[in-house]
Amino acid sequence: MLITQMSLPQNLNTYKFLVDANRHDFQKVYETTSLEDRLQGMNALFSEFANKIEVWTKLEQQYDFKSDQQKTQKKLEEIYTSLKENFNQGKDEKQEAAKTILDNLKDKVVPEHIMKVINEEMQRFIEMPKEHSEYAVLKTYLEYLTKLPYGISSEENFDLK
C-alpha cells in the first residue's frame, strides 16, 4: 500500500503520532557511514511509520470521524494517547533491561579493557531495535559480562589435604 493512496487524517495530534520519529534516530542514520547499516536504519524508521499508517487506517475505518467535530477531536486525542503508550512500551522494557544490566556493575572493580567492551556493547544494545535478531543475544551477553565477579577474590589455598 502506497502512502500517497492513503487518506491522511486532518488532525494535528494524528500527524504528530504518525511522524513522531525521534530526530536523534534520523541523525544516527545520517551519521552512519556503512551503506548497509544506513539502509537498515531507514528501513526500520519507514517500517515504524508504515505500521502507524496501517493502524491509523484501521482506526479510521472503525470510527466515523466526520459526524461531530468535537466528539471527533476527543476521540482522536484518546486514540493518540493510547497509541503513543502502546508504541512506547518496547522502549520502556529496553530501558529497564539496560538499567538492570548496569545495576549488576555496582560495587565491582571492572578492568578498563572489559569496561570498554561493556560500554561499546551497551551503546549498541540501546540503539538496537527490540525486534532485531541479535537483540536477545546481545542482552544475554551483556548480562553475563556484568554478572561476573570483578574485583571479588579470596585468598588462595594450594593445600590439597
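Every number here is computed from the coordinates shown, using simple stated rules; none is lab data. All of these numbers come straight from a predicted model, not from anything done at the bench. Note: ideal-geometry Cβ built from the backbone for every residue, glycine included; neighbour counts use all protein chains shown.
Quick look at the values:
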item: Inter-label distance for D103 and Y144, nm, one decimal - labels placed 7 Å from Cα along Cα-to-Cβ; result: 2.3 nm
item: Sequence of F49, F125 once ranked by neighbouring C-beta atoms within 10 Å, starting from the fewest; result: F49, F125
item: Entries in K94/K116; K99/K139; K84/K139; K28/K147 that, when Cα-Cα distance is taken, lie over 18 Å; result: K94/K116; K84/K139; K28/K147
item: Electrostatic dipole magnitude of the range 104-151 [Cβ: Lys, Arg +1; Asp, Glu -1; Cα centre; debye, to 20]; result: 160 debye
item: Least to most buried among K84, K94 (fewest other Cβ within 10 Å first); result: K84, K94
item: Cα-based radius of gyration of the range 104-151 once divided by 2.2 N^0.38 Å, which approximates compact folds; result: 1.18
item: Extension gain, T33 back to S154 (0.36 nm per residue minus Cα-Cα distance, nm); result: 38.9 nm
